[in-house]
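The values are calculated or read from the model by the stated rules, or taken from the named source; none is laboratory data. What you are looking at is a predicted structure, and each value in this text was computed from that prediction instead of being measured. Ideal geometry is used to build each Cβ from the backbone, glycine not excepted, and the neighbour counts take in all protein chains shown. In case anyone asks, the SASA skips ligands and DNA or RNA and just uses the protein heavy atoms, side chains included. Shrake-Rupley method; radii C 1.70, N 1.55, O 1.52, S 1.80 Å.
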Amino acid sequence: MPNPSPLAVIAIGGNSLIADDKQPDVAHQWDAVRETTGHIAGMVEKGWRTVITHGNGPQVGFILRRSELAAHEVHTTPLSLIVADTQGAIGYMLQQALNNDFLQVDIPQQTITIVTQVRVDENDPAFQNPSKPIGGFLDEATARVFEQTGWQVVEDAGRGWRRVVASPLPVEIVELKAIQQAIELGWIVVACGGGGIPVVRNPKGELRGVSAVIDKDRASSLLARSLGADLFLISTGVEQVAINFGKPNQQSIPSMTVVEARRYRDEGHFAAGSMRPKIDACIEFLEGSSNPVAWCLITDPTNLERALAGETGTRIVKNEATTTDDGRKTNV
């Protein structure tokens, strides 16, 4: 029988892990994680089955920097292993914090982290045009040294030089069946951390890691579609999506349809390195979902529960809600 409890895939961004760029140390990361999981625990208490994905950009940068500083003594670490490392570390933080939240309110559930590989197409054009900045800012001389070792570097908006890697589109969640089985057994699951470990298949069909990063929101969208989720929730740094952002005529958008979201996107309202990939991920989820009541929600961690209650946040639906013969609301 179908599980009557709704399923949410929650994609939490860097602000959920590092609330203040000036205090990125682990102790403050714990504070941010506990703040975020407290709101997720509230969802679970209300009956939501939950899968959590997360970003890892700052943590990848920290590991790369440590590798740079220690390069004269120890070997460097491939990017695919760095993504795996951060999945384990951040997953540990999320599952411990959530399990402690459950303990406090006597919720008989636990959280598990699944280290997740995400297959990409080895012929994805992104491999020919690396564009995703990673790591910290460098001066030009240092950047050129990295360039000589095979990295590609670019000048980033006047702020310095950074290394760039390919950001191919996700094609397949390799551990999807394991995630599905864990959900069916009642686990709260952390998966697809950092967009997943990017892998391709060699001529023998074997998986191999590649030096790339996958957009966390796009991978989360694929996971949500693959699971038939009811809700795809993106927790980010703003309470609501806005058009004309940063301008005198800025306007918050409490709800929109896929058609409206696409129109706003095409009009240039969403920045490529900020809200654009989140809107793209929501459009992909809703257009690719077979779930007739699927919907998206974008808000910040603090307002998560209020947004679920319809008090804030930005809802995105397939079309305007209609009423079925039995009185239920459906977004079809």
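Per residue, how large is the accessible surface of region 95-190? Use a 1.4 angstrom probe and give square angstrom. Don't skip to the end; give the middle numbers.
On the way: 5480 Å² over 96 residues.
Solvent-accessible surface per residue comes out at 57 Å².
Along its principal axes, what span do the Cα atoms of region 136-189 show, with the longest given first and each in whole Å?
Cα spread of region 136-189 along its principal axes, largest to smallest: 54, 20, 17 Å.
For the chain, state the semi-axes of the equivalent ellipsoid (square roots of 5 times the eigenvalues of the alpha-carbon gyration tensor), sorted largest first and rounded to whole angstrom.
In descending order, the three semi-axes are 32, 23, 21 Å.
List, in order, the whole-Hz ³J(HN,Hα) value for each residue of region 69-82 obtained from phi through the Karplus relation with A = 6.51, B = -1.76, C = 1.60 and θ = phi - 60°; use x for Gly and Pro.
Along region 69-82, the couplings run 5, 9, 4, 6, 10, 10, 5, 7, 10, x, 4, 4, 6, 5 Hz.
Top mean-square fluctuation among Glu73, Glu267, Glu172, Gaussian network model of the chain, C-alpha springs under 10 Å?
Of the options given, Glu73 has the highest mean-square fluctuation.
In nm, to one decimal, how far is the modelled label at Gln251 from the one at Gln104, with both set 7 Å along Cα→Cβ?
4.0
Ordering His54, His28, His72 by how much accessible area each has at a 1.4 Å probe, largest first, what is the list?
Correct descending sequence by accessible area is His72, His28, His54.
Nearest 5 percent is fine: what portion of the DSSP beta bridges confined to the chain is antiparallel?
Percent antiparallel among DSSP bridges in the chain is about 45.
About the Cα centre of the chain, what is the dipole size in debye to 20, counting +1 per Lys and Arg Cβ and -1 per Asp and Glu Cβ, all else neutral?
That gives the chain a dipole magnitude of about 380 debye.
How far is the Cα center of region 24-44 from the Cα center of region 206-272, in Å?
Using only Cα atoms to place each centre, the spacing works out to 22 Å.
Please list the equivalent ellipsoid semi-axes of region 116-275, computed as the square roots of five times the alpha-carbon gyration tensor eigenvalues, in descending order and whole angstrom.
After scaling each eigenvalue by five and taking roots: 28, 28, 13 Å.
If you average the sequence gap of Cα pairs under 8 Å that are 6 or more apart and divide by the length of the chain, what percent do you get for the contact order?
In percent, rounded to a whole number, it is 19.
Could you list the residues of region 79-116 with an amide nitrogen less than 12 Å from a label point located 7 Å from the Cα of Leu185 in the Cα-to-C-beta direction?
110-114
Go through the chain and flag any cysteine with no other cysteine's C-beta closer than 4.7 Å, please.
Lacking a cysteine Cβ partner under 4.7 Å: Cys192.
Ratio of Rg to Rh for region 1-52, alpha carbon only, Kirkwood?
Rg/Rh: 1.13.
Mind giving me the FRET efficiency for Thr77 and Lys22? R0 is 25 Å, r the Cβ-Cβ distance, nearest 0.05 is fine. Walk me through the intermediate numbers first.
Numbers: r = 26 Å, r/R0 = 1.06.
The computed FRET efficiency comes out at 0.40.
Top mean-square fluctuation among Arg49, Arg315, Arg163, Gaussian network model of the chain, C-alpha springs under 10 Å?
Arg163
Would you work out the charge dipole size for region 184-332 about its Cα centre, treating the Cβ of every Lys and Arg as +1 and the Cβ of every Asp and Glu as -1, and quote it to the nearest 20 debye?
480
What's the percent breakdown of Cα-Cα distances in region 6-97 across 5 Å bins, shortest bin first?
Each 5 Å bin holds this share of Cα pairs: 3, 12, 22, 21, 16, 12, 7, 3, 2, 1, 0.
May I ask for log10 I(q)/I(0) of region 245-299 at q = 0.19, 0.21, 0.25, 0.30 Å⁻¹, from a Debye sum over the Cα atoms as equal point scatterers with solvent left out?
-0.69, -0.83, -1.13, -1.46
Sort region 83-177 into rounded, prolate or oblate with this rule: let a ≥ b ≥ c be the square roots of the eigenvalues of the Cα gyration tensor; rounded if a/c is under 1.5, and if a/c is not under 1.5, prolate when a/b is larger than b/c, oblate otherwise. Don't skip to the end; give the middle numbers.
On the way: a/c = 3.72, a/b = 1.86, b/c = 2.00.
It is oblate, given that a/c is not under 1.5 and a/b is not larger than b/c.
Quick one: compute the contact order of region 1-141, relative version, from alpha carbon pairs under 8 angstrom and 6+ residues apart, as a percent.
Across region 1-141, relative contact order equals 27 percent.
May I ask for the angle, rounded to the nearest 10°, between helix 216-227 and the longest principal axis of the chain, with both axes built from Cα atoms and the value confined to 0 to 90°?
So the helix axis and the longest Cα principal axis differ by about 40 degrees.
Using 0.36 nm times the number of residues separating Gln128 and Glu311, minus their current alpha carbon distance, what extension gain do you get?
Result: 61.4 nm gained on full extension.
Treating only the Cα positions of region 36-150 as identical point scatterers, give the base-10 log of I(q)/I(0) from the Debye formula at each q in 0.22 Å⁻¹.
-1.26
Multiplying the sequence separation of Val259 and Asn319 by 0.36 nm and subtracting their Cα-Cα distance, what value in nm do you get?
Gain in length upon complete extension: 20.8 nm.
What translational D, rounded to a whole number of µm²/s, comes out for region 203-332 from Stokes-Einstein when the hydrodynamic radius is the Kirkwood one over Cα pairs, at 25 °C and 0.890 mPa s?
For the chosen part, D equals 156 µm²/s.
Name the most mobile residue of Ala224, Ala71, Ala126, meaning the one with the largest mean-square fluctuation, in a Gaussian network model of the chain with Cα contacts below 10 Å.
Among Ala224, Ala71, Ala126, the largest GNM mean-square fluctuation belongs to Ala71.
Taking Cα atoms, how many degrees apart are the long axis of helix 276-288 and the longest axis of the chain, rounded to 10 and kept between 0 and 90?
Around 50 degrees separate the two axes.
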